[in-house]
Every structure is written in structure tokens, then in C-alpha cells.
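Structure first, then comments.
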Amino acid sequence: MNPIVNVEGLRKTYGTTTAVDNISFEVLEGEIFGIVGPNGAGKTTTIECLEGLRKPDSGMVRILGVDPQNNPDFLKLHTGMQLQQSNLPDRMKVWEALDLYSSFYPNPVNWQDLLQSLGLTEKRNTAFSKLSGGQRQRLFIALALLPDPELIFLDELTTGLDPQARHVIWDLIRDVRSKGKTILLTTHFMEEAERLCDRVAILDDGQIVALDTPEALIRNLGSEERITFHVEAPLPASFEQAFSGSIRIEQQGKRIIIHGKSPNGPLITPVINLLTENNIKFRDLSTQQANLEDVFLALTGHQIRT
């Protein structure tokens, strides 16, 4: 895949505050690339420099081969943008917004098709002020898709949405990518990045502290699994002997906690197999595995700040 976003040594300051501190990365054609981190990490400043809305103090930015500062008209025709703070007139209807914005482009996609694909057909005559948070975000995605862009910027798209609306937006983003689009998104929701992104750059205090696929970042953390369940009778000695010394078993009365890491896949598989083979009755089994939140904590030493 070809890189369609190239960033080298990007730096942006506001007075004595360094918002983005000498970061470099590339976004490949057809992928969902995430810039993740807490509020104040520099995510929005980074994406606004890429969109041409802010001028970097130093470094090189190329979007589809061009400098966004010198080619704003090219960017408007070949990229779609959803800003962190977006709004429309309260009385503007959904169809009016799409019809108006489509007039800004020489070859826009059919906005009526967007109504259908984004589930807004029933809301076409609804005023913007009457839309729910999720419906507004779907409308902003539709507006970003009007120029039929090669690259789409999404900045904190699901902030403020309830879990159900967030999942709907996630499905829409996957569907947009399936149509051959490249997506660069920022988010402070680690679960969002883990579920959506092909690769993520973890940003903290203006610096990239890690960049890889979510799976690789979690795998490289080397974190243990934790499996908890309850039994009616004590575990037989053969159960503990079946595991290597790197796996620890705690018995707190009827509650069993197993900590460790299996070299051959998830630890829960051999645990359940052993319980079944030994006819051990168990209940309330749960497992916890590392996620991007754990990666962030390990790399920065503090929890994600929202």
C-alpha cells in the first residue's frame, strides 16, 4: 500500500506550550489510522496541521503528495473533513445542508444516495436542532463524503455519544473504509481505536510514544491474563501441577484466580479444558486481558485523561 499521508518532524507551539513535539508517521492507502491519547495530548493540533487549518512551526507534511498550506483548493476536492467542533444553523434541514454543501464541489456524489446509506432518509426534512447526537454525526460524515474524497479526517467523532450511537458510528466508519476510502481519526477512546484502527499512534504530551497495530501493541506489552471463577470443592493437586511455574493460582475460599500467560494462545483455553477433563464444577468464570488502555498506562505511567 502507498502512503498518502507523510509527516516528518512536525512541531507546533503556542507561546511557551509545545502542543506537538517533532512527530513523524505515515498513513497508508485504504487503512484506518488512529491518533489516540488523552485530551490535551496534541491530537487536534496534529490533524489541523494536516488539514491545512494550522501552520506548523517546523517539519514536513504531505497529503496526497501536496503541502496542505500551499494547496488548500486541492485538499478541499480530495479530502473530507469532520472537525471536532462542527455545527449548522438550527433551522437548516438535513436535505438542505447536503444540497448546499454539494454545490461547493464540481463533481459531488449524489447526496440522496448518502441519505440512504447513512440511515438519514427519514430525517431528511428534520431541522438540525432536532437531530440526536448520533444523527448529527451521521450528517457530518455525509458532508465529509460529498466530494468523494480519497482521504477522510475524523476528529473525536463519537465524543458525547451514548454507547449505542457510538457503535452505529463505528459500523458506518467500517462501511466507508470498505468503499476504498482512507480514514485518519483522532480519539481519546482506547476501545474505539482498538476496534476500528488498522494502526494507531499513541500520543502523549505532544509526542508519539508508540505506533503499531493494536494487536501488536498489546502483544508487545507482555501483559498477563487474569481468569476468575468459583468452585464448590478444592482444586485437585493435579490441576496446579498441569501449569508451568509462570502461571500462578490463588485460592480464596471457593474463588479461584489464575494469573499468567500461555505461550500457545489465550490462557482460558487450557484452563477450561482442564476443568472439563477433571469434572470440576465451576461458575461465574470471567477473563480479563490487556487492552490499549493498559498499553497507554504502561507507556506513560498514568491513566487516560478524558
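The values are calculated or read from the model by the stated rules, or taken from the named source; none is laboratory data. Given the structure is predicted, the values throughout are model-derived calculations rather than measurements. A quick note on method: Cβ atoms are made from the backbone with ideal geometry, for glycine too, and the neighbour counts reach across all protein chains shown.
Considering every residue within the stretch 261-276, establish whether at least one is crowded, with 16+ Cβ neighbours inside 10 Å, closer than 27 Å to ALA193 by Cα and without any contact (Cβ under 8 Å) to a residue 40 or more places away in the chain. Among the residues of the stretch 261-276, at least one is crowded, with 16+ Cβ neighbours inside 10 Å, closer than 27 Å to ALA193 by Cα and without any contact (Cβ under 8 Å) to a residue 40 or more places away in the chain, which makes the answer yes. When we screen MET81, MET92 for residues that are in the same structural domain as LYS179 (by TED's automatic domain parsing), in contact with a Phe, Trp or Tyr (Cβ under 6 Å, 6 or more places away or on another chain) and either at positive phi or in contact (Cβ under 8 Å) with a residue 60 or more places away in the chain (or both), the only hit is MET81.
Every residue, every condition in (1) under 30 Å from ALA41 (Cα atoms); (2) modelled with pLDDT under 80; (3) out of contact with any Gly (no Cβ under 7 Å at 6 or more places or on another chain); (4) among the aliphatic types (A, V, I, L, M), yes or no:
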{"residue": "ILE256", "(1), (2), (3), (4)": "no, no, yes, yes"}
{"residue": "ASN273", "(1), (2), (3), (4)": "no, no, yes, no"}
{"residue": "ALA290", "(1), (2), (3), (4)": "yes, yes, yes, yes"}
{"residue": "ALA298", "(1), (2), (3), (4)": "yes, yes, yes, yes"}
{"residue": "ILE304", "(1), (2), (3), (4)": "yes, yes, yes, yes"}
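Considering each residue of the stretch 225-235 in turn, none proves to be part of a helix (DSSP H, G or I), among the acidic types (Asp, Glu) and at pLDDT below 90. Scanning the stretch 64-105 for residues that are at pLDDT 95 or above, hydrophobic (A, V, I, L, M, F, W, C) and either more than 24 Å from LEU172 (Cα to Cα) or in contact with a strand residue (DSSP E or B) (Cβ under 6 Å, 6 or more places away or on another chain) (or both) yields LEU64, VAL66.
Among the residues of the stretch 253-293, the ones that are touching a helix residue (DSSP H, G or I) at 6+ places or on another chain (Cβ under 6 Å) and acidic (Asp, Glu) come to 1 in all. Candidates GLY206, GLY133: the one that is over 30 Å from ASP90 (Cβ atoms) and in contact with a helix residue (DSSP H, G or I) (Cβ under 9 Å, 6 or more places away or on another chain) is GLY206.
Residues of the stretch 4-21 that are part of a strand (DSSP E or B), exposed (fewer than 15 other Cβ atoms within 10 Å of the Cβ) and not hydroxyl-bearing (Ser, Thr, Tyr): GLU8, GLY9.
Annotation note: Cβ proximity below 6 Å between a residue of the stretch 11-38 that is closer than 22 Å to ARG199 by Cβ and a residue that is at pLDDT below 95 and acidic (Asp, Glu) (sequence gap 6+ or interchain) occurs for GLY37/ASP204. Against the test of being charged (D, E, K, R), in a helix (DSSP H, G or I) and either in contact with a Phe, Trp or Tyr (Cβ under 9 Å, 6 or more places away or on another chain) or in the same structural domain as ILE32 (by TED's automatic domain parsing) (or both), the options ASP148, ASP99 yield a single qualifying residue, ASP99.
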